[in-house]
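The values are calculated or read from the model by the stated rules, or taken from the named source; none is laboratory data. Since the structure is predicted, the reported quantities are computational estimates derived from the model, not experimental observations. Virtual Cβ from ideal backbone geometry, glycine too; neighbours counted across all protein chains shown. For the accessible areas, the whole protein counts, side chains as well, though only heavy atoms, and no ligand, DNA or RNA atoms are used. Shrake-Rupley method; radii C 1.70, N 1.55, O 1.52, S 1.80 Å.
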Amino acid sequence: MHPQMELLVTLHDLELMIKESTEGAAKEKAMGFKIDSLEHLTKAQGDVAKQVDKDILSRYQKLKVRYGRPVVPVINGVCCGCYIRMPTAQATKVGKNQSLTTCGNCGRFLYWLSE
């Protein structure tokens, strides 16, 4: 997988974990549990974001604001963000995950689950 794509997927996963932790933390705090893992996740998110190219990170942030999910998989030749079938040339390309790819319709960053 393209190194920048790996970072984007990791960044997206960390953001989802932070969101889930934040939502769950309020309930757990109300029950009397101490929550400290959120700080570690936030630090890891910042560390990963620093490694992503500035232009790519800027586009990632814009897509996140617009769609909520800026990085999506392609399953059976279909973008799982907008559910549009990829062009045949793009879907059958060898080494799809070796380059940073975006959907021609919605612009989200794409990765293929199995090559």
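So in region 104-115, with the set limited to residues that are part of a loop (DSSP other than H, G, I, E, B) and touching a residue at least 40 places away in the same chain (Cβ under 8 Å), which one is surrounded by the fewest Cβ atoms within 10 Å (Cβ to Cβ)?
It comes out as Leu113.
Please go through region 82-103 and give me each residue that is under 23 Å from Leu11 (Cα atoms), open to solvent by 80 Å² or more (accessible area, probe 1.4 Å) and not in a helix (DSSP H, G or I), ordered by number.
The one that is under 23 Å from Leu11 (Cα atoms), open to solvent by 80 Å² or more (accessible area, probe 1.4 Å) and not in a helix (DSSP H, G or I): Tyr83.
For Lys62, all conditions in the list (1) touching a helix residue (DSSP H, G or I) at 6+ places or on another chain (Cβ under 9 Å); (2) in a helix (DSSP H, G or I); (3) at pLDDT 90 or above hold save one; what is the number of the exception?
Among (1) touching a helix residue (DSSP H, G or I) at 6+ places or on another chain (Cβ under 9 Å); (2) in a helix (DSSP H, G or I); (3) at pLDDT 90 or above, the lone unmet condition for Lys62 is (1).
Ala44 - would you say it is modelled with pLDDT under 85 and either assigned to a helix (DSSP H, G or I) or more than 16 Å from the chain's Cα centre (by Cα) (or both)?
no
Would a scan of region 17-28 turn up a residue that is open to solvent by 30 Å² or more (accessible area, probe 1.4 Å) and either at pLDDT 90 or above or in contact with a Cys (Cβ under 9 Å, 6 or more places away or on another chain) (or both)?
no
Out of Val71, Val78, I need the residue that is open to solvent by less than 80 Å² (accessible area, probe 1.4 Å), of a type in the set (Val, Ile, Thr) and out of contact with any Phe, Trp or Tyr (no Cβ under 8 Å at 6 or more places or on another chain). Which one?
Val78
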